[in-house]
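Report on the structure given below.
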Amino acid sequence: MKKTVLMLMIVSALFLPLFAQGQSDAQESDPFSWIEDQMINGLPGVNPIEVTGNIVTAGSSTVFPLSERMAERFTEEGYNGTITVDSIGSGAGFERFTVAGETDISNASRPIKAKEIDQAKKIGRNPIEFKVGTDALAVTVSAENTFVKDVTMDELAMIFGSATYWSDVRSTWPRQQIQRFIPGTDSGTFDYFSEEVFDKDPAPMLNASNLQLSEDDNILVQGIEGSPYAIGYFGYAYYVENKDKLNVLAIEGVEANEDNVNAGLYPLARPLFLYSDATIMREKPQVAAFIGFYLAYVNEEVTRVGYFPADDAALAASKQGWLDAMEGLY
Amino acid sequence: MKSIQTHPFNKKLRIREAFIEGALFLFALLSIAITVSIVVILLRESLLFFESDEVTLSGFLFGTKWQPMIGYFGVLPLLNATLMTSLIAMIVALPLGLAVGIYLSEYADEKFKSVVKPVLEVLAGIPSIVYGYFALTFMTPLLRSIFGDDVVQMYNMMSAGIVMGILILPLVATMAEDAIAAVPVELRLASYALGATTLETSIKVVVPAALSGLSATFLLGLSRAIGETMIVALAAGAGPKMTFNFFEGAETITGYIVRISGGDVSYNSVDYTSIFALGLMLFFMTFTLNMISREISARYQTEYE
């Protein structure tokens, strides 16, 4: 008898925060039963078998391979629901997260903008940032290209901007038209590149001749691969996937590799993010479970996908963000 | 009144008949209502586009640069690419389709027809995205191996255009055959009586007599090519470019709409409303072509009566 009372007390204590937020759809079983006693990598362990319900994520095509891998692993370890990972660009991802409110998690290869936070607040969402990794944006040419090995930032600006012929950039390069393949204007990659290389002004890049834009990085890969005079840029993972067909350029003499990225030397390294919201995580425990699982194991997968681990402090901050959002629930 | 009294069926059945008639009428009305609402939405969203401060009608119609994010709204590069790929498609589909039509109508026996026509229909039933990958993975490498990688870009209008021609070939062939078969047999007999061969009869008598039907076919095929989407979205290129070089990549109107509506930009931007203006433009183009085509075929049907 005493035992039952104790159980009741524990269960009601678990549900209390939910009721406090006006939650009325209390389920019969404990929605947080997936939380395990032992801590894993600084977070309460997640048991995917116990997780129910669907998860909707969308956003950056750069983060996509990583989120897709984490979703696969989550499913492999027993998660039974459906998890969607849409690759539509960071901007469009935030649009769905902050305006339509259709997604639980937004993948992004750039930090959320103030405008987007305001938008989210209008629909009652308060975005929390989770840094999950680092990308070294890869500037690549076809494997048949024998003349470009490394470029400076100024040369990058010419190649993707004002120059028409390769010889306009360096006189030793052939007098052939530059064919450009770049991510679409709403992608975080495009934003990032125009910030770093063009001082936030996308006009020169969009004014360039022979320009093809696509949100689908595979279309870019195929285009670049197709001509020795083509060039393009995208997340490092897509270069890793197509290593045999593409060459990656060194920027300012620094090659894109793990050592240089971790040492902070590679000039086009940038953070990869997930965004969610405390209310969503508390009302949809499966979302919290997935993010917790993601943060706990991301460093085991991130290099396999082709990116680099986030620095320890940033990852610890992400985990702290998760703990704060879930405070009192585990 | 009298006719109702002598009607062989009882009254109850006629009520049901009226009900069925009414339901069918409603369905017919529904399809018209859907068409009208599509046009209304296109017009309304396009209006948003043209009301935007950055956009002027003349800039839209005559501008030679399309890059909405930085304020260039000239539709000509997109229109040019659409017309060029359609032109290539027609160059492929028209002679071939006409030849198939003449052969089926004038030469082939029934047994052969019974084999070829279903094959043509199968060809017409292949989803256009399959043709798109055919263009990208077969036609483009073929063109590049013939003309050289330096000449033919990875994404190019020629490859998309040729494959689009193959796509509309069954349509053109079937319609051409119908047009040719509609020519009265007396004309052929008169021609044979003057000592003409089948080839002479076909080319010098039957085809000229079927010319109005054939031009309707041509226009309908063209309208199909202009509206075709998946092939050009996959194979013709993903960047607006004002070029007359068939071997370069350039984005068509439909290709741009696909790229933008596929989650590329936010809903309240001018880029987004621009796709409705482009859609409206496409609608007017294909609508006009279809109307002219209808007009021509209506005329030729009465020609020999």
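On inspection, B:VAL115 fails the criterion of being within 14 Å of chain A (Cβ to nearest Cβ), aliphatic (A, V, I, L, M) and either under 20 Å from A:TYR229 (Cα atoms) or assigned to a helix (DSSP H, G or I) (or both).
Within the range A:229-251, the set of residues being closer than 27 Å to A:ALA313 by Cα and more than 18 Å from the chain's Cα centre (by Cα) comprises A:ILE251 only.
Scanning the range A:176-188 for residues that are in a helix (DSSP H, G or I), modelled with pLDDT under 90 and under 25 Å from A:GLN222 (Cβ atoms) turns up at least one hit. Remark: A:LEU246 matches the filter, which requires a residue to be under 26 Å from B:PHE247 (Cβ atoms), away from chain B (no Cβ under 12 Å) and of a type in the set (A, V, I, L, M).
Residues in the range A:214-229 that are of a type in the set (S, T, N, Q) and in a loop (DSSP other than H, G, I, E, B): A:SER227 alone. Each residue in the range B:27-77 was checked for being assigned to a loop (DSSP other than H, G, I, E, B), surrounded by fewer than 17 Cβ atoms within 10 Å (Cβ to Cβ) and under 26 Å from the mean Cα position of the chain (by Cα), and 1 of them qualify. Of the residues that sit in the range B:104-116 and are surrounded by 14 or more Cβ atoms within 10 Å (Cβ to Cβ) and in contact (Cβ under 8 Å) with a residue 24 or more places away in the chain, which one is farthest from the chain's Cα centre (by Cα)? Checking each candidate, the answer is B:GLU106.
Filtered by the rule that a residue be part of a loop (DSSP other than H, G, I, E, B) and either surrounded by fewer than 22 Cβ atoms within 10 Å (Cβ to Cβ) or out of contact with any strand residue (DSSP E or B) (no Cβ under 9 Å at 6 or more places or on another chain) (or both), the range A:38-78 gives A:ASN41, A:GLY42, A:ASN47, A:VAL51, A:THR52, A:GLY53, A:ASN54, A:GLU77, A:GLY78.
One line per residue, one yes/no per condition, for (1) at pLDDT 90 or above; (2) under 23 Å from A:ILE55 (Cα atoms); (3) assigned to a helix (DSSP H, G or I):
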| position | (1), (2), (3) |
| --- | --- |
| A:LEU274 | yes, yes, no |
| A:ILE280 | yes, yes, yes |
| A:PHE293 | yes, yes, yes |
| A:ARG304 | no, no, yes |
| A:LEU329 | no, yes, no |
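Give the residue that is surrounded by the most Cβ atoms within 10 Å (Cβ to Cβ), with candidates limited to residues of the range A:205-224 that are over 18 Å from the mean Cα position of the chain (by Cα) and within 23 Å of A:TYR266 (Cβ to Cβ). In this case the residue turns out to be A:ILE224. Of the residues A:GLU215, A:GLU241, A:GLU225, the single one that is away from chain B (no Cβ under 14 Å) and in contact (Cβ under 8 Å) with a residue 24 or more places away in the chain is A:GLU241. Applying the criterion of being over 27 Å from A:ASN262 (Cβ atoms) and buried (at least 19 other Cβ atoms within 10 Å of the Cβ) to the residues of the range A:131-157, the residue that is nearest to the chain's Cα centre (by Cα) is A:SER142.
Given B:GLY132, B:GLY165, B:GLY101, which one is within 14 Å of chain A (Cβ to nearest Cβ) and surrounded by 13 or more Cβ atoms within 10 Å (Cβ to Cβ)? Being within 14 Å of chain A (Cβ to nearest Cβ) and surrounded by 13 or more Cβ atoms within 10 Å (Cβ to Cβ) holds for just one of B:GLY132, B:GLY165, B:GLY101, which is B:GLY132.
In the range A:175-200, the qualifying residues are those that are out of contact with any strand residue (DSSP E or B) (no Cβ under 8 Å at 6 or more places or on another chain) and facing chain B (nearest Cβ under 9 Å), and the one that is nearest to A:THR62 (Cα to Cα) is A:SER187.
Yes/no per residue for (1) within 14 Å of chain A (Cβ to nearest Cβ); (2) within 26 Å of A:MET205 (Cα to Cα):
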{"position": "B:ARG44", "(1), (2)": "no, no"}
{"position": "B:PHE73", "(1), (2)": "yes, yes"}
{"position": "B:THR82", "(1), (2)": "no, yes"}
{"position": "B:THR85", "(1), (2)": "no, no"}
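Across the range A:201-212, the number of residues qualifying as among the small types (Gly, Ala, Ser) and at the interface with chain B (Cβ under 8 Å from one of its Cβ atoms) comes to 2.
Looking across the range B:37-57, the residues that are among the hydroxyl-bearing types (Ser, Thr, Tyr) and touching a helix residue (DSSP H, G or I) at 6+ places or on another chain (Cβ under 7 Å) come down to B:SER46, B:SER52.
In the set (1) buried (at least 22 other Cβ atoms within 10 Å of the Cβ); (2) part of a strand (DSSP E or B), the condition left unmet by A:PHE97 is number (2). The helices (runs of 4 or more DSSP H) falling completely within the range B:185-287 that include 2 or more residues that are surrounded by 17 or more Cβ atoms within 10 Å (Cβ to Cβ) and away from every other protein chain (no Cβ under 14 Å) map to B:185-193, B:211-227, B:253-261.
Among the residues of this structure, B:ILE180 does not count as one that is under 18 Å from B:PHE246 (Cβ atoms), more than 14 Å from chain A (Cβ to nearest Cβ) and surrounded by fewer than 24 Cβ atoms within 10 Å (Cβ to Cβ).
When you scan the range A:286-302, do you find a residue that is in contact (Cβ under 8 Å) with a residue 60 or more places away in the chain, polar (S, T, N, Q) and more than 17 Å from A:LEU66 (Cα to Cα), even just one? Checking the range A:286-302: at least one residue is in contact (Cβ under 8 Å) with a residue 60 or more places away in the chain, polar (S, T, N, Q) and more than 17 Å from A:LEU66 (Cα to Cα). When we screen A:ARG96, A:ARG125 for residues that are farther than 25 Å from A:GLN222 by Cβ, touching a residue at least 60 places away in the same chain (Cβ under 8 Å) and either out of contact with any helix residue (DSSP H, G or I) (no Cβ under 6 Å at 6 or more places or on another chain) or within 14 Å of chain B (Cβ to nearest Cβ) (or both), the only hit is A:ARG125.
If you filter the range B:144-160 down to residues that are over 20 Å from the mean Cα position of the chain (by Cα) and assigned to a helix (DSSP H, G or I), you find that the one that is nearest to the other protein chains (Cβ to nearest Cβ) is B:ARG144.
The values are calculated or read from the model by the stated rules, or taken from the named source; none is laboratory data. Predicted, not measured: the structure shown is a model, and the values here were computed from it. Glycine also receives a Cβ, built like all others from the backbone with ideal geometry; neighbour counts cover every protein chain displayed.
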